Amino acid sequence: MARTLATDATYSKATVYHLTLFFLQFAECVMKPEQIASIAHLARLSISETEVPVYAESLSSILSMVGDLERAQTQDVAPMAHPLPGLTQRLRADEVTETDQHERYQANAPETAASLYLVPKVIE
Amino acid sequence: MSIHTKTLPQLAAGLRAREFSAVELARHFLDRIAAHGPALNALVSVTADTALEQAAAADRTLAAGLGGPLTGIPLVHKDIFCTQGVRTTCGSRMLDNFVAPYDATVVAKLKGAGMVMLGKANMDEFAMGSSNETSFYGPVKNPWNPGLVPGGSSGGSAAVVAARLAPVATATDTGGSIRQPAALCGLTGLKPTYGRVSRYGMIAFASSLDQGGMMTASAEDAALVLQGMAGFDPRDSTSVERPVPDYAAALGQPLKGLTIGLLKEFFDKGLDPDMERSVREALAVYQQLGATLKEVSLPSIGLSVPAYYVVAPAECSSNLARFDGVRFGYRCKDPRDLMDLYKRSRGEGFGAEVKRRIMTGTYVLSAGYYDAYYLKAQQVRRLIANDFERAFGEVDVIMGPTTPTPAFGLGDKTSDPVTMYLNDIYTIGANLAGLPALSIPCGPVRQLPAGLQIIGRHFDEERLLNVAHVYQRETDWHTKVPAAYE
C-alpha cells in the first residue's frame with residue numbers, strides 16, 4: 001500500500017505521512033491512556049482515572065472497525081457532505097426577524113445577573 | 001374492538017360521530033399510560049393537563065364542524081423534540097432541568113393539526129444507542145417481553161405505540177433509530193427523505209443524517225401523520241422546498257408492474273435464518289400481489305457501518321460542543337475556573353456512550369487525522385449513495401430485513417460498543433444516502449416481532465407507504481398487540 005502511495009504523484013509528502021500514520025494506527029489499533037487523556041481534554045470532558053482504560057479499549061475497538069474503510073477505492077471520488085444531490089445552501093435576507101426574548105431563554109441558564117451569563121472569573 | 005386498537009381513520013370517524021370526545025380519548029390513553037407506562041419506563045414526562053386542554057380545544061373545533069383527520073388524535077413526542085414550556089431532556093442528565101422555550105416545527109405543525117400531546121417518550125441519550133439502554137432515565141422495556149430491549153434510539157416511542165399507550169409517537173432516525181425499534185416492537189416506522197421533515201427544534205445529533213418521522217401501527221396511519229409533519233421550513237436550512245403530496249390518496253394502488261430489488265448483501269451470513277425465512281415469506285406475498293423480484297448488489301454497502309461511525313461521531317462532537325454549562329443545561333458544583341466548569345459540566349452531564357462518541361468524533365477530526373478518517377468516510381458515503389442510485393435505475397424499491405435478529409436481552413450487548421453498532425447494519429445505508437425507508441412487521445420470529453425494510457428513491461414516500469399499505473391489506477401482522485396490552 002505504501003509503495004502505491006509513494007509512486008502516485010498526486011499525493012503530497014504530507015498526505016503520505018498522514019496516511020502512513022493512519023495505517024500504522026490500524027496495524028496497532030490501540031489507544032494509549034495518554035491519547036485518551038489528550039482527546040478528552042480537546043473535547044472538554046473530565047473523565048476519571050478508572051474510566052481511561054475503559055475508553056481506551058472501546059475507542060480502539062471502534063477505530064479498528066472503522067479501519068475497514070481502508071479497503072475502499074476512493075481515488076477521484078468527491079466527498080459527500082450533504083445527502084441530497086444538487087442542493088445549495090439557502091440564504092435569507094440579513095434582517096432582524098426575532099424579538100427580544102432573552103428573559104425566556106435565560107430562564108434555563110445556571111447563573112445570570114443583569115441579563116448576563118455568569119461564569120467563574122476569567123481575567124484576574 | 002377496544003378504543004386503543006383502532007386505526008387513525010377509525011378514531012377520527014368515532015370523534016366525528018360523537019361516539020367519544022377528544023377529552024374521553026385523551027383520558028383513555030392517559031389511564032393506559034398511568035397503568036403501564038412506569039413498568040415499561042416508556043415516558044420521561046406525562047403532560048396530562050396539556051393533553052386535556054388540547055383535547056378540549058379539539059372538541060370545540062370538531063363541534064364547529066371544523067378540523068382534519070388528526071384533530072383530537074393523541075400522540076407522544078420523542079423527548080428530542082422541543083416542546084414549549086415542557087421539560088425536554090433528550091434522555092440526558094445534561095438537559096434534566098431544561099424547559100424548552102419554543103416548539104420544534106414538528107411539534108407546532110402537529111399541534112396545529114389538532115393532535116393532543118400526552119407526554120414525552122424516553123430515548124437513548126441524545127439518540128445515541130440501539131437498545132434504549134443509554135438513557136439517563138434507565139432502559140425502556142419491550143412490551144412483547146420485558147426482559148428484552150425495545151430497540152433504540154426511539155425505544156420509548158416504540159414501547160408506547162406497541163403497548164397502545166398512544167396511537168402515534170414521533171421519533172427520529174440518524175442510523176436506524178425509527179426503523180430498528182419499530183421492527184423490534186412490531187410497528188410501522190417511517191424515516192422520510194432527508195429534508196422532508198423540518199429539523200428545527202429537534203435536538204441535533206448528526207445534522208447530515210438526522211431526520212424526524214413517526215411510529216404507528218399501520219402505513220395508513222403513518223401516511224396521515226406524515227401529511228401533518230412534512231413540508232418546507234425556512235427555519236431549517238436543509239429543509240427542501242418541494243410540495244407535499246397527498247399521501248393518503250396514494251394508498252391502495254395495485255402493485256402490478258412494481259420491481260422490488262432484493263439487496264444481495266443484506267441476505268448474508270449475519271442474518272438470523274429464521275429472520276430470513278420471515279422476510280422471504282413477505283416477499284412471496286409481494287410476488288402474489290403482482291410485483292417482480294430482482295436481485296441487486298450494492299458493493300460498497302458493507303462499509304456503511306464504518307463510514308457512519310466516522311461521520312456521525314464527527315458531527316456529534318461538533319453539535320454537542322454547545323453544552324458547556326453556561327447558557328443552559330447541567331452545570332457542575334463549585335467550578336474552580338472556566339476550564340473546570342466546561343470539563344466537569346460535560347463530564348458529569350453526559351453519559352458514557354455520548355462521551356465515547358464525542359471522543360471518537362474529536363479524534364477523527366483532530367489535526368493530521370481529518371483526511372484519513374473524515375474525508376475518507378465522506379468519499380465512501382458517496383460510493384454508497386452511488387450504489388443506491390444505480391440500483392434505483394433498475395428497481396422501484398429495495399427490500400430486505402430491518403435488523404439481523406429479533407429483540408435481544410437487556411444488558412446483552414452493552415459491554416462492547418461495536419457489537420451494539422452492528423444492529424444498525426441494514427438501516428444505516430438509507431441515512432448515508434438520505435433515502436426514505438420504512439419498516440413494517442412481517443411474520444414473527446420465535447414469537448417475537450420482525451421487520452421488513454423498504455427503501456425508496458428520494459421523496460418517494462407515496463410509493464413506500466402504498467407498497468406497505470397493500471401488504472398490510474393482505475396480512476394482519478401489523479394488528480398484533482402483546483397480550484398484556486390488548
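A few remarks follow.
- Some residue of the stretch B:55-64 being free of Cβ contacts under 8 Å to residues at least 60 places away in the same chain, surrounded by fewer than 24 Cβ atoms within 10 Å (Cβ to Cβ) and of a type in the set (V, I, T): yes
- Residues that are facing chain B (nearest Cβ under 10 Å) and at pLDDT below 60, drawn from the stretch A:16-54: A:Y17, A:H18, A:L19, A:T20, A:L21, A:F22, A:F23, A:Q25, A:F26
- Evaluation of B:G252 against (1) under 21 Å from B:Q84 (Cα atoms); (2) modelled with pLDDT of 95 or more (one fails), failing number: (1)
- Qualifying residue in the stretch A:89-107 (condition: small (G, A, S) and more than 9 Å from chain B (Cβ to nearest Cβ)): yes
- Enumeration of residues in the stretch B:77-100 that are farther than 15 Å from B:F328 by Cα, touching a strand residue (DSSP E or B) at 6+ places or on another chain (Cβ under 6 Å) and part of a loop (DSSP other than H, G, I, E, B): B:D79, B:I80
- Boolean, A:V119 is more than 7 Å from chain B (Cβ to nearest Cβ) and at pLDDT 90 or above: no
- Just one of the listed residues (B:S218, B:S239) is farther than 22 Å from B:S439 by Cβ and in contact with a strand residue (DSSP E or B) (Cβ under 9 Å, 6 or more places away or on another chain), namely B:S239.
- Residue within the stretch B:310-320 that is more than 8 Å from chain A (Cβ to nearest Cβ), surrounded by 24 or more Cβ atoms within 10 Å (Cβ to Cβ) and part of a loop (DSSP other than H, G, I, E, B) present: no
- Single residue of the stretch B:330-349 satisfying the filter (more than 7 Å from chain A (Cβ to nearest Cβ) and of a type in the set (G, A, S)) that is farthest from B:M123 (Cα to Cα): B:S345
- Only one of the listed residues (B:S278, B:S239) is within 14 Å of another protein chain (Cβ to nearest Cβ), surrounded by 14 or more Cβ atoms within 10 Å (Cβ to Cβ) and either outside any helix (DSSP H, G or I) or modelled with pLDDT of 95 or more (or both). That residue is B:S239.
- Among the residues of the stretch B:236-283, those that are among the basic types (K, R) and closer than 23 Å to B:G451 by Cβ comprise B:K264, B:K269, B:R277, B:R280.
- Top-ranked residue of the stretch B:82-99 - restricted to ones that are hydrophobic (A, V, I, L, M, F, W, C) and crowded, with 24+ Cβ neighbours inside 10 Å, ranked as farthest from B:S198 (Cα to Cα): B:M94
- Within the stretch B:322-368, the only residue that satisfies the criterion of being touching a residue at least 60 places away in the same chain (Cβ under 8 Å), surrounded by fewer than 18 Cβ atoms within 10 Å (Cβ to Cβ) and under 26 Å from the mean Cα position of the chain (by Cα) is B:A352.
- Any hit, the stretch B:406-413, residues being facing another protein chain (nearest Cβ under 8 Å), within 30 Å of B:K141 (Cβ to Cβ), touching a Pro at 6+ places or on another chain (Cβ under 9 Å) and buried (at least 21 other Cβ atoms within 10 Å of the Cβ): no
- Only listed residue being β-branched (V, I, T), in contact with a Ser or Thr (Cβ under 7 Å, 6 or more places away or on another chain) and either crowded, with 23+ Cβ neighbours inside 10 Å or within 14 Å of chain A (Cβ to nearest Cβ) (or both), chosen from B:T427, B:T403, B:T419: B:T427
- Of the criteria (1) more than 22 Å from B:Q447 (Cα to Cα); (2) crowded, with 23+ Cβ neighbours inside 10 Å; (3) more than 14 Å from chain A (Cβ to nearest Cβ), which one B:D396 fails: (2)
- Checking the stretch B:34-50 against the condition returns a match, with at least one residue being free of Cβ contacts under 8 Å to residues at least 12 places away in the same chain and aliphatic (A, V, I, L, M).
- Scanning the stretch B:245-260 for residues that are without any contact (Cβ under 8 Å) to a residue 40 or more places away in the chain and either under 24 Å from B:V197 (Cβ atoms) or touching a strand residue (DSSP E or B) at 6+ places or on another chain (Cβ under 6 Å) (or both), we see that the one that is farthest from the other protein chains (Cβ to nearest Cβ) is B:A249.
- Scope the stretch B:350-381; condition more than 9 Å from chain A (Cβ to nearest Cβ), assigned to a helix (DSSP H, G or I) and farther than 28 Å from B:S92 by Cβ; matching residues: none
- Index of the failed condition, B:T193 passing every other in (1) within 18 Å of B:S45 (Cα to Cα); (2) surrounded by 24 or more Cβ atoms within 10 Å (Cβ to Cβ): (1)
- Selected residue (only one of B:S135, B:S131 is surrounded by 24 or more Cβ atoms within 10 Å (Cβ to Cβ), of a type in the set (G, A, S) and in contact with a Lys or Arg (Cβ under 8 Å, 6 or more places away or on another chain)): B:S131
The values are calculated or read from the model by the stated rules, or taken from the named source; none is laboratory data. Please read these numbers as outputs of a predicted model, since none were measured by experiment. Note that we place each Cβ from the backbone using ideal geometry, even for glycine, and neighbour counts take in every protein chain shown.
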